[in-house]
């Protein structure tokens, strides 16, 4: 067995940042991740609030790459038919960033590996709480004893769900694809912007990535999506044709819809408690927010920094930071659910459709069957 103080389980943004934050605190964790940094290759916006967090972790340089771009302009058609513009100049923290997600995760992983965590590039087979902490059995058969665990396993929340209940506000999913410009058409310089458009059975997000591809995402409930859409490009084209501004952007900039979309879960979920006696959940493992908030990655960075500090304090027999972390995450979830209801409540044009009826309900304590959504 390999004794160690803290184990970080899971890769991605939460896992890599936790390793970096622990190293900054003078600790060398063991990092259990089959492929650290191998996250979803979606284009996503990093909110301006992330700038300070990254700076405090010594990671500001990750955003200087020309493979990301400043998120200066966002257009939206939400609650009204007109397209309205919001500029990043209103943010005191500066502009957010439209990321090449794969590049950002890979660079974050490289930064974590430079701190020399004890890396176990395998899966977690089993985790059992013991009087002295945890006994972890790895996918390759090795066993690890550790005093504290940071659960960075995403929506699976393998440690968190052993210890308390996972709540769900909805069954939101996203259908997404990256579009390239049609090279048989005249060259058009696409607008570097993000566009959000509400429609009768969901809403759309489109953003120009730094490499000039257009990321297009459609958010809806599983029972409202066309059957077999992920295998039939015609269904995808039909949905796009029902939009107003998304369709215009694709057509005017000569983007080509050549393949069906991929599907991914995007619902709002959260644990009853993000921390326990000798563990804490980080990122989506603690709370996964509706992407409309654009705060998912920023929240993961903040959680990683705070939970790592709480883990260090735990090893020093100080439990107060862990309780403060749990309370802060709980308040963050409550604040988000309030904000979420207000944002969805602004859209009344489609109030008779199933998607918007569900969002106008108070879903805080309702189960999927009460919502009328297939689990």
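The values are calculated or read from the model by the stated rules, or taken from the named source; none is laboratory data. Since we're looking at a predicted model, the values are computed, not measured. Glycine also receives a Cβ, built like all others from the backbone with ideal geometry; neighbour counts cover every protein chain displayed.
From 280, 275, which residue is in contact with a helix residue (DSSP H, G or I) (Cβ under 6 Å, 6 or more places away or on another chain), without any contact (Cβ under 8 Å) to a residue 60 or more places away in the chain and over 23 Å from residue 343 (Cβ atoms)?
Details: 280 fails: without any contact (Cβ under 8 Å) to a residue 60 or more places away in the chain.
The unique qualifying residue is 275.
So in the range 29-46, with the set limited to residues that are modelled with pLDDT of 85 or more and in contact with a strand residue (DSSP E or B) (Cβ under 7 Å, 6 or more places away or on another chain), which one is surrounded by the most Cβ atoms within 10 Å (Cβ to Cβ)?
Restricting attention to the range 29-46, the residues satisfying the condition of being modelled with pLDDT of 85 or more are 29-34, 46.
If we keep only those that are in contact with a strand residue (DSSP E or B) (Cβ under 7 Å, 6 or more places away or on another chain) too, we end up with 29-32, 46.
Numbers: 29: 28, 30: 21, 31: 28, 32: 30, 46: 27.
Here the answer is 32.
Among the residues of the range 169-177, is any in a strand (DSSP E or B), within 30 Å of residue 326 (Cβ to Cβ), in contact (Cβ under 8 Å) with a residue 40 or more places away in the chain and within 19 Å of the chain's Cα centre (by Cα)?
Yes.
Pick from the range 254-273 the residues that are within 16 Å of the chain's Cα centre (by Cα) and in a loop (DSSP other than H, G, I, E, B): which of them is farthest from residue 232 (Cα to Cα)?
My answer is 268.
Do we have any residue at all in the range 164-173 that's closer than 30 Å to residue 213 by Cα, touching a strand residue (DSSP E or B) at 6+ places or on another chain (Cβ under 8 Å) and crowded, with 16+ Cβ neighbours inside 10 Å?
Yes - at least one qualifying residue is present in the range 164-173.
Which residue pairs have Cβ atoms closer than 9 Å, lie 6 or more positions apart in sequence or on different chains, and pair a first residue in the range 341-359 that is at positive phi and outside any loop (DSSP other than H, G, I, E, B) with a second residue that is surrounded by 16 or more Cβ atoms within 10 Å (Cβ to Cβ) and modelled with pLDDT under 95?
Going by the 9 Å Cβ cut-off, there are no qualifying pairs.
From the list 323, 277, 365, which residue is at pLDDT below 95, surrounded by fewer than 21 Cβ atoms within 10 Å (Cβ to Cβ) and under 27 Å from residue 147 (Cα atoms)?
277
Determine, yes or no, whether residue 225 is more than 30 Å from residue 330 (Cα to Cα), crowded, with 22+ Cβ neighbours inside 10 Å and free of Cβ contacts under 8 Å to residues at least 60 places away in the same chain. Give the derivation first.
On the way: more than 30 Å from residue 330 (Cα to Cα): yes; crowded, with 22+ Cβ neighbours inside 10 Å: no; free of Cβ contacts under 8 Å to residues at least 60 places away in the same chain: yes.
So residue 225 fails the test.
Look at residue 231 and say whether it is surrounded by 13 or more Cβ atoms within 10 Å (Cβ to Cβ) and over 24 Å from residue 296 (Cβ atoms).
Values: surrounded by 13 or more Cβ atoms within 10 Å (Cβ to Cβ): no; over 24 Å from residue 296 (Cβ atoms): yes.
When the stated conditions are applied, residue 231 does not pass them.
Residue 3 fails exactly one of the following numbered conditions: (1) part of a loop (DSSP other than H, G, I, E, B); (2) modelled with pLDDT under 90. What is the number of that condition?
(1)
Would you pick out the residues in the range 282-303 that are surrounded by fewer than 23 Cβ atoms within 10 Å (Cβ to Cβ) and modelled with pLDDT of 95 or more?
Correct list: 302 only.
Specify the residue that is surrounded by the most Cβ atoms within 10 Å (Cβ to Cβ); the eligible residues are those in the range 144-161 that are assigned to a helix (DSSP H, G or I) and in contact with a strand residue (DSSP E or B) (Cβ under 7 Å, 6 or more places away or on another chain). Talk me through it step by step, then tell me what you get.
Our first condition is that a residue be assigned to a helix (DSSP H, G or I); within the range 144-161, this holds for 154-156, 160-161.
Those still in the list that are in contact with a strand residue (DSSP E or B) (Cβ under 7 Å, 6 or more places away or on another chain) too: 155, 160.
Details: 155: 15, 160: 26.
Looking at the filtered set, the residue picked out is 160.
On the given criteria, is residue 326 touching a residue at least 12 places away in the same chain (Cβ under 8 Å), touching a strand residue (DSSP E or B) at 6+ places or on another chain (Cβ under 6 Å) and part of a helix (DSSP H, G or I)?
Working: touching a residue at least 12 places away in the same chain (Cβ under 8 Å): yes; touching a strand residue (DSSP E or B) at 6+ places or on another chain (Cβ under 6 Å): yes; part of a helix (DSSP H, G or I): yes.
In short, yes.
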